[in-house]
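So the structure is just underneath, and the comments pick up after that.
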Amino acid sequence: MLGAVVALTLLALLGAGVAQMGTGELSIPAAGTISVLRVLVLAALAVHLGELAGVRLAGDGPLPRLWSALAALLGAAASAGLLLLFAAVSGLGLPTVYGMREGRLLLITANAFALAGLCAASRRPALAVVPLAGVICAEALRAHPEAYTPAIGTALTVVHLTAASLWFGALLYVLRTMRLRDGGRDVLVRYARTAAWIFAALVITGTCSTLRRLPLEVVLATAYGRVLLAKLALVGVASLLALTARYRMTRGGDTQAPARIELGVLATIVVVSSLLTVVPDPHWLSPG
(Lines give C-alpha, C1' and ligand atoms only; values in the text may rest on other atoms or scores of the structure.)
Protein backbone atom coordinates (compact mmCIF):
# COMPACT_ATOMS: atom_id res chain seq x y z
CA MET A 1 0.00 0.00 0.00
CA LEU A 2 2.77 2.45 0.95
CA GLY A 3 4.63 1.67 -2.26
CA ALA A 4 1.53 2.41 -4.32
CA VAL A 5 1.02 5.74 -2.55
CA VAL A 6 4.65 6.71 -3.18
CA ALA A 7 4.39 5.73 -6.85
CA LEU A 8 1.18 7.74 -7.35
CA THR A 9 2.70 10.74 -5.57
CA LEU A 10 5.76 10.63 -7.84
CA LEU A 11 3.47 10.39 -10.86
CA ALA A 12 1.62 13.50 -9.71
CA LEU A 13 4.84 15.39 -8.99
CA LEU A 14 6.71 14.51 -12.20
CA GLY A 15 3.99 13.57 -14.69
CA ALA A 16 3.30 17.03 -16.13
CA GLY A 17 7.00 17.72 -16.74
CA VAL A 18 7.56 14.35 -18.40
CA ALA A 19 4.52 14.79 -20.64
CA GLN A 20 5.76 18.20 -21.82
CA MET A 21 9.21 16.97 -22.85
CA GLY A 22 9.87 17.86 -26.49
CA THR A 23 6.55 19.63 -27.06
CA GLY A 24 7.91 23.17 -26.92
CA GLU A 25 5.10 24.18 -24.58
CA LEU A 26 5.81 26.59 -21.76
CA SER A 27 6.45 24.90 -18.42
CA ILE A 28 3.82 25.35 -15.73
CA PRO A 29 5.12 26.94 -12.50
CA ALA A 30 4.80 24.60 -9.48
CA ALA A 31 3.18 21.97 -11.71
CA GLY A 32 4.05 19.11 -9.35
CA THR A 33 2.58 20.79 -6.28
CA ILE A 34 -0.54 21.80 -8.17
CA SER A 35 -0.99 18.24 -9.42
CA VAL A 36 -0.74 16.78 -5.92
CA LEU A 37 -3.30 19.26 -4.58
CA ARG A 38 -5.63 18.55 -7.48
CA VAL A 39 -5.34 14.81 -6.82
CA LEU A 40 -6.51 15.48 -3.27
CA VAL A 41 -9.46 17.52 -4.53
CA LEU A 42 -10.57 14.84 -7.01
CA ALA A 43 -10.01 12.01 -4.52
CA ALA A 44 -11.95 13.84 -1.79
CA LEU A 45 -14.87 14.37 -4.16
CA ALA A 46 -14.84 10.71 -5.24
CA VAL A 47 -14.64 9.33 -1.70
CA HIS A 48 -17.47 11.52 -0.41
CA LEU A 49 -19.77 11.09 -3.41
CA GLY A 50 -18.97 7.37 -3.54
CA GLU A 51 -19.94 6.91 0.09
CA LEU A 52 -23.28 8.63 -0.44
CA ALA A 53 -24.01 6.17 -3.26
CA GLY A 54 -22.37 3.22 -1.50
CA VAL A 55 -24.54 3.47 1.59
CA ARG A 56 -27.60 3.00 -0.63
CA LEU A 57 -26.00 0.07 -2.45
CA ALA A 58 -24.88 -1.66 0.76
CA GLY A 59 -28.37 -2.56 1.96
CA ASP A 60 -28.81 -4.22 5.33
CA GLY A 61 -25.83 -5.32 7.39
CA PRO A 62 -22.75 -3.81 9.02
CA LEU A 63 -21.29 -0.75 7.32
CA PRO A 64 -17.69 0.48 7.30
CA ARG A 65 -16.70 3.66 9.07
CA LEU A 66 -17.51 6.73 7.00
CA TRP A 67 -14.61 8.70 5.57
CA SER A 68 -16.76 11.46 4.07
CA ALA A 69 -16.19 14.10 6.75
CA LEU A 70 -12.42 13.60 6.59
CA ALA A 71 -12.51 13.60 2.78
CA ALA A 72 -14.45 16.88 2.74
CA LEU A 73 -11.95 18.45 5.15
CA LEU A 74 -9.08 17.27 2.94
CA GLY A 75 -10.81 18.66 -0.15
CA ALA A 76 -11.34 22.03 1.52
CA ALA A 77 -7.71 22.18 2.62
CA ALA A 78 -6.43 21.21 -0.83
CA SER A 79 -8.66 23.81 -2.50
CA ALA A 80 -7.43 26.48 -0.08
CA GLY A 81 -3.88 25.35 -0.82
CA LEU A 82 -4.46 25.80 -4.54
CA LEU A 83 -5.82 29.28 -3.88
CA LEU A 84 -2.77 30.27 -1.84
CA LEU A 85 -0.43 28.72 -4.41
CA PHE A 86 -2.17 30.62 -7.19
CA ALA A 87 -1.59 33.86 -5.31
CA ALA A 88 2.07 33.00 -4.65
CA VAL A 89 2.84 31.98 -8.25
CA SER A 90 1.05 34.96 -9.77
CA GLY A 91 2.58 37.41 -7.30
CA LEU A 92 -0.84 38.89 -6.56
CA GLY A 93 -2.45 39.54 -3.21
CA LEU A 94 -5.34 37.41 -2.02
CA PRO A 95 -7.92 40.24 -2.41
CA THR A 96 -6.92 40.49 -6.08
CA VAL A 97 -6.97 36.72 -6.55
CA TYR A 98 -10.45 36.51 -5.01
CA GLY A 99 -11.69 38.84 -7.74
CA MET A 100 -10.33 36.65 -10.55
CA ARG A 101 -12.27 33.82 -12.15
CA GLU A 102 -9.85 31.10 -11.04
CA GLY A 103 -9.71 32.47 -7.52
CA ARG A 104 -13.50 32.70 -7.19
CA LEU A 105 -13.95 29.11 -8.37
CA LEU A 106 -11.33 27.81 -5.95
CA LEU A 107 -12.98 29.74 -3.13
CA ILE A 108 -16.36 28.24 -4.05
CA THR A 109 -14.81 24.75 -4.09
CA ALA A 110 -13.20 25.19 -0.68
CA ASN A 111 -16.39 26.53 0.90
CA ALA A 112 -18.51 23.82 -0.73
CA PHE A 113 -16.22 21.10 0.65
CA ALA A 114 -16.40 22.69 4.10
CA LEU A 115 -20.19 22.73 3.94
CA ALA A 116 -20.20 19.10 2.75
CA GLY A 117 -18.08 18.21 5.77
CA LEU A 118 -20.60 19.83 8.10
CA CYS A 119 -23.38 17.86 6.42
CA ALA A 120 -21.39 14.63 6.79
CA ALA A 121 -21.01 15.24 10.50
CA SER A 122 -24.70 16.05 10.96
CA ARG A 123 -27.72 13.78 11.31
CA ARG A 124 -28.53 14.31 7.62
CA PRO A 125 -25.29 13.35 5.82
CA ALA A 126 -27.16 12.89 2.53
CA LEU A 127 -27.57 16.70 2.35
CA ALA A 128 -23.88 16.82 1.40
CA VAL A 129 -24.93 16.03 -2.17
CA VAL A 130 -25.91 19.70 -2.60
CA PRO A 131 -22.50 21.28 -1.80
CA LEU A 132 -20.76 18.42 -3.64
CA ALA A 133 -22.79 19.38 -6.70
CA GLY A 134 -21.35 22.87 -6.21
CA VAL A 135 -17.84 21.39 -6.22
CA ILE A 136 -18.54 19.56 -9.47
CA CYS A 137 -20.00 22.65 -11.15
CA ALA A 138 -17.07 24.81 -10.03
CA GLU A 139 -14.62 22.22 -11.37
CA ALA A 140 -16.48 22.03 -14.67
CA LEU A 141 -16.48 25.81 -15.06
CA ARG A 142 -12.77 25.94 -14.23
CA ALA A 143 -12.01 23.29 -16.84
CA HIS A 144 -13.80 25.11 -19.69
CA PRO A 145 -12.76 28.76 -19.91
CA GLU A 146 -13.02 28.83 -23.73
CA ALA A 147 -15.19 31.47 -25.34
CA TYR A 148 -16.87 29.10 -27.81
CA THR A 149 -19.78 26.90 -26.64
CA PRO A 150 -18.64 26.90 -22.97
CA ALA A 151 -22.03 25.61 -21.82
CA ILE A 152 -21.61 22.38 -23.79
CA GLY A 153 -18.13 21.77 -22.42
CA THR A 154 -19.24 22.52 -18.88
CA ALA A 155 -22.24 20.18 -19.11
CA LEU A 156 -20.11 17.35 -20.48
CA THR A 157 -17.61 17.78 -17.66
CA VAL A 158 -20.32 17.83 -15.00
CA VAL A 159 -21.58 14.43 -16.15
CA HIS A 160 -18.09 13.05 -16.74
CA LEU A 161 -16.72 14.13 -13.37
CA THR A 162 -19.80 12.82 -11.55
CA ALA A 163 -19.55 9.44 -13.28
CA ALA A 164 -15.81 9.13 -12.68
CA SER A 165 -16.19 10.02 -9.00
CA LEU A 166 -18.95 7.45 -8.55
CA TRP A 167 -16.98 4.72 -10.32
CA PHE A 168 -13.97 5.10 -8.04
CA GLY A 169 -15.67 6.19 -4.83
CA ALA A 170 -18.54 3.70 -4.87
CA LEU A 171 -16.22 0.79 -5.71
CA LEU A 172 -13.97 1.75 -2.80
CA TYR A 173 -16.93 1.76 -0.41
CA VAL A 174 -18.30 -1.52 -1.80
CA LEU A 175 -14.96 -3.30 -1.33
CA ARG A 176 -14.70 -2.00 2.24
CA THR A 177 -18.22 -3.24 2.91
CA MET A 178 -17.46 -6.67 1.42
CA ARG A 179 -14.41 -7.05 3.63
CA LEU A 180 -16.48 -6.15 6.70
CA ARG A 181 -19.16 -8.69 5.78
CA ASP A 182 -16.70 -11.44 4.89
CA GLY A 183 -17.79 -11.57 1.27
CA GLY A 184 -21.05 -9.72 0.71
CA ARG A 185 -21.39 -10.60 -2.97
CA ASP A 186 -24.88 -9.10 -3.08
CA VAL A 187 -23.35 -5.66 -2.54
CA LEU A 188 -21.05 -6.11 -5.54
CA VAL A 189 -23.99 -7.35 -7.63
CA ARG A 190 -25.95 -4.16 -6.91
CA TYR A 191 -22.86 -2.05 -7.64
CA ALA A 192 -22.26 -3.85 -10.97
CA ARG A 193 -25.77 -3.01 -12.16
CA THR A 194 -25.22 0.68 -11.45
CA ALA A 195 -21.65 0.69 -12.76
CA ALA A 196 -22.83 -0.21 -16.28
CA TRP A 197 -24.74 3.08 -16.54
CA ILE A 198 -21.88 5.00 -14.94
CA PHE A 199 -19.43 3.56 -17.46
CA ALA A 200 -21.70 4.44 -20.39
CA ALA A 201 -21.97 8.05 -19.22
CA LEU A 202 -18.21 8.22 -18.71
CA VAL A 203 -17.37 6.93 -22.19
CA ILE A 204 -19.90 9.09 -24.02
CA THR A 205 -18.98 12.35 -22.29
CA GLY A 206 -15.26 11.61 -22.42
CA THR A 207 -15.38 10.94 -26.16
CA CYS A 208 -17.38 14.10 -26.86
CA SER A 209 -15.07 16.24 -24.73
CA THR A 210 -11.98 14.85 -26.44
CA LEU A 211 -13.34 15.51 -29.94
CA ARG A 212 -14.21 19.07 -28.92
CA ARG A 213 -10.89 19.95 -27.32
CA LEU A 214 -8.12 18.17 -29.17
CA PRO A 215 -7.50 17.91 -32.94
CA LEU A 216 -6.27 14.39 -33.78
CA GLU A 217 -3.23 15.70 -35.66
CA VAL A 218 -1.66 17.16 -32.49
CA VAL A 219 -2.38 14.33 -30.05
CA LEU A 220 1.26 13.22 -29.76
CA ALA A 221 2.66 16.75 -30.09
CA THR A 222 1.04 18.14 -26.94
CA ALA A 223 1.31 17.22 -23.29
CA TYR A 224 -2.47 17.18 -23.04
CA GLY A 225 -2.73 14.67 -25.86
CA ARG A 226 -0.08 12.39 -24.37
CA VAL A 227 -1.66 12.41 -20.92
CA LEU A 228 -5.08 11.83 -22.48
CA LEU A 229 -3.77 8.75 -24.33
CA ALA A 230 -2.40 7.40 -21.06
CA LYS A 231 -5.78 7.99 -19.39
CA LEU A 232 -7.64 6.23 -22.21
CA ALA A 233 -5.32 3.23 -21.93
CA LEU A 234 -5.92 3.05 -18.17
CA VAL A 235 -9.68 3.32 -18.64
CA GLY A 236 -9.45 0.41 -21.06
CA VAL A 237 -7.57 -1.68 -18.47
CA ALA A 238 -10.09 -0.78 -15.75
CA SER A 239 -12.94 -1.73 -18.08
CA LEU A 240 -11.41 -5.15 -18.76
CA LEU A 241 -10.98 -5.72 -15.03
CA ALA A 242 -14.58 -4.72 -14.41
CA LEU A 243 -15.75 -7.18 -17.07
CA THR A 244 -13.57 -9.89 -15.53
CA ALA A 245 -15.13 -9.29 -12.11
CA ARG A 246 -18.62 -9.39 -13.64
CA TYR A 247 -17.84 -12.66 -15.48
CA ARG A 248 -16.53 -14.28 -12.31
CA MET A 249 -19.55 -13.02 -10.43
CA THR A 250 -21.89 -14.84 -12.82
CA ARG A 251 -19.78 -18.02 -12.47
CA GLY A 252 -19.56 -17.89 -8.68
CA GLY A 253 -15.80 -17.27 -8.71
CA ASP A 254 -13.59 -14.83 -6.81
CA THR A 255 -14.62 -11.27 -7.70
CA GLN A 256 -12.63 -9.31 -5.14
CA ALA A 257 -9.20 -9.82 -6.71
CA PRO A 258 -9.97 -8.15 -10.08
CA ALA A 259 -12.10 -5.53 -8.29
CA ARG A 260 -9.16 -4.57 -6.05
CA ILE A 261 -6.85 -4.27 -9.05
CA GLU A 262 -9.53 -2.23 -10.80
CA LEU A 263 -9.60 0.12 -7.81
CA GLY A 264 -5.84 0.57 -8.05
CA VAL A 265 -6.11 1.40 -11.75
CA LEU A 266 -8.90 3.88 -10.99
CA ALA A 267 -6.68 5.54 -8.39
CA THR A 268 -4.03 5.95 -11.08
CA ILE A 269 -6.67 7.44 -13.39
CA VAL A 270 -7.47 10.02 -10.70
CA VAL A 271 -3.81 11.08 -10.71
CA VAL A 272 -3.62 11.18 -14.51
CA SER A 273 -6.86 13.18 -14.62
CA SER A 274 -5.29 15.73 -12.28
CA LEU A 275 -2.40 16.08 -14.74
CA LEU A 276 -4.89 16.95 -17.49
CA THR A 277 -5.96 19.96 -15.44
CA VAL A 278 -2.35 21.14 -15.05
CA VAL A 279 -0.73 20.72 -18.49
CA PRO A 280 -1.34 23.49 -21.06
CA ASP A 281 -4.94 23.65 -22.27
CA PRO A 282 -5.09 22.78 -25.99
CA HIS A 283 -8.48 24.36 -26.70
CA TRP A 284 -6.78 27.23 -28.54
CA LEU A 285 -5.72 24.76 -31.23
CA SER A 286 -9.32 24.16 -32.23
CA PRO A 287 -10.89 26.37 -34.90
CA GLY A 288 -13.44 28.91 -33.81
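The values are calculated or read from the model by the stated rules, or taken from the named source; none is laboratory data. Quick caveat: nothing in here was measured; it's all calculated off a predicted structure. Every residue, glycine as well, gets a Cβ built from its backbone with ideal geometry; the counts of neighbours run over all protein chains shown. The area values use the complete protein model at the heavy-atom level, side chains included, leaving out ligands, DNA and RNA. Shrake-Rupley method; radii C 1.70, N 1.55, O 1.52, S 1.80 Å.
Given T244, T250, which one is surrounded by fewer than 14 Cβ atoms within 10 Å (Cβ to Cβ), out of contact with any Asp or Glu (no Cβ under 7 Å at 6 or more places or on another chain), of a type in the set (S, T, Y) and farther than 24 Å from L156 by Cβ? Explain how you work it out, then say what you get.
Values: T244 fails: surrounded by fewer than 14 Cβ atoms within 10 Å (Cβ to Cβ).
Testing whether each residue is surrounded by fewer than 14 Cβ atoms within 10 Å (Cβ to Cβ), out of contact with any Asp or Glu (no Cβ under 7 Å at 6 or more places or on another chain), of a type in the set (S, T, Y) and farther than 24 Å from L156 by Cβ leaves just T250.
Please state which one of V265, V270, V219, V189 is in contact with a Gly (Cβ under 9 Å, 6 or more places away or on another chain) and open to solvent by less than 50 Å² (accessible area, probe 1.4 Å).
On the way: V265 fails: in contact with a Gly (Cβ under 9 Å, 6 or more places away or on another chain); V270 fails: in contact with a Gly (Cβ under 9 Å, 6 or more places away or on another chain); V189 fails: in contact with a Gly (Cβ under 9 Å, 6 or more places away or on another chain).
Criteria check complete, one pass: V219.
Enumerate the pairs (first residue in segment 1-26 and free of Cβ contacts under 8 Å to residues at least 60 places away in the same chain; second residue anywhere and open to solvent by 60 Å² or more (accessible area, probe 1.4 Å) and part of a loop (DSSP other than H, G, I, E, B)) with beta-carbon separation below 8 Å, excluding pairs fewer than 6 apart on the same chain, so at least 6 apart or on different chains.
G17/S27
Looking at segment 35-55, which of its residues are under 11 Å from A120 (Cβ atoms) and β-branched (V, I, T)?
Passing the criteria: only V47.
Select from segment 178-221 the residues that are among the basic types (K, R) and part of a helix (DSSP H, G or I) and write down the one among them that is modelled with the lowest pLDDT. Write out each step before concluding.
Just the residues of segment 178-221 that are among the basic types (K, R), to begin with: 179, 181, 185, 190, 193, 212-213.
In the following step, the residues that additionally are part of a helix (DSSP H, G or I) were identified as 179, 185, 190, 193, 212-213.
Details: R179: 85, R185: 74, R190: 86, R193: 83, R212: 74, R213: 70.
Result: R213.
Each row is one residue, and each column tells you yes or no for (1) polar (S, T, N, Q); (2) assigned to a helix (DSSP H, G or I); (3) closer than 18 Å to L45 by Cα.
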site	(1), (2), (3)
A114	no, yes, yes
A128	no, yes, yes
L132	no, yes, yes
I136	no, yes, yes
A151	no, yes, no
T157	yes, yes, yes
F168	no, yes, yes
L172	no, yes, yes
R176	no, yes, yes
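Can we say A196 is under 20 Å from the mean Cα position of the chain (by Cα), open to solvent by 50 Å² or more (accessible area, probe 1.4 Å) and over 24 Å from L276 (Cβ atoms)?
On the way: under 20 Å from the mean Cα position of the chain (by Cα): yes; open to solvent by 50 Å² or more (accessible area, probe 1.4 Å): yes; over 24 Å from L276 (Cβ atoms): yes.
Taking the combined requirement at face value, the residue satisfies it.
Taking segment 19-33 on its own, how many of its residues are of a type in the set (A, V, I, L, M, F, W, C), surrounded by fewer than 23 Cβ atoms within 10 Å (Cβ to Cβ) and not in a loop (DSSP other than H, G, I, E, B)? Break it down into steps so the answer makes sense when it comes.
Of segment 19-33, the ones of a type in the set (A, V, I, L, M, F, W, C) are 19, 21, 26, 28, 30-31.
Still in the running and surrounded by fewer than 23 Cβ atoms within 10 Å (Cβ to Cβ): 21, 26, 28, 30-31.
Of the ones still in play, those that are also not in a loop (DSSP other than H, G, I, E, B) are 31.
Here the count works out to 1.
Table: residues versus (1) open to solvent by less than 60 Å² (accessible area, probe 1.4 Å); (2) more than 17 Å from A114 (Cα to Cα).
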{"site": "V5", "(1), (2)": "no, yes"}
{"site": "V41", "(1), (2)": "yes, no"}
{"site": "E51", "(1), (2)": "yes, no"}
{"site": "A58", "(1), (2)": "yes, yes"}
{"site": "L70", "(1), (2)": "no, no"}
{"site": "A80", "(1), (2)": "yes, no"}
{"site": "V89", "(1), (2)": "no, yes"}
{"site": "V97", "(1), (2)": "yes, yes"}
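Among the candidates L166, L156, L106, which residue alone is without any contact (Cβ under 8 Å) to a residue 60 or more places away in the chain and either open to solvent by 60 Å² or more (accessible area, probe 1.4 Å) or touching a Gly at 6+ places or on another chain (Cβ under 9 Å) (or both)? Steps first, answer last, please.
Working: L166 fails: without any contact (Cβ under 8 Å) to a residue 60 or more places away in the chain; L106 fails: either open to solvent by 60 Å² or more (accessible area, probe 1.4 Å) or touching a Gly at 6+ places or on another chain (Cβ under 9 Å) (or both).
Among L166, L156, L106, only L156 is without any contact (Cβ under 8 Å) to a residue 60 or more places away in the chain and either open to solvent by 60 Å² or more (accessible area, probe 1.4 Å) or touching a Gly at 6+ places or on another chain (Cβ under 9 Å) (or both).
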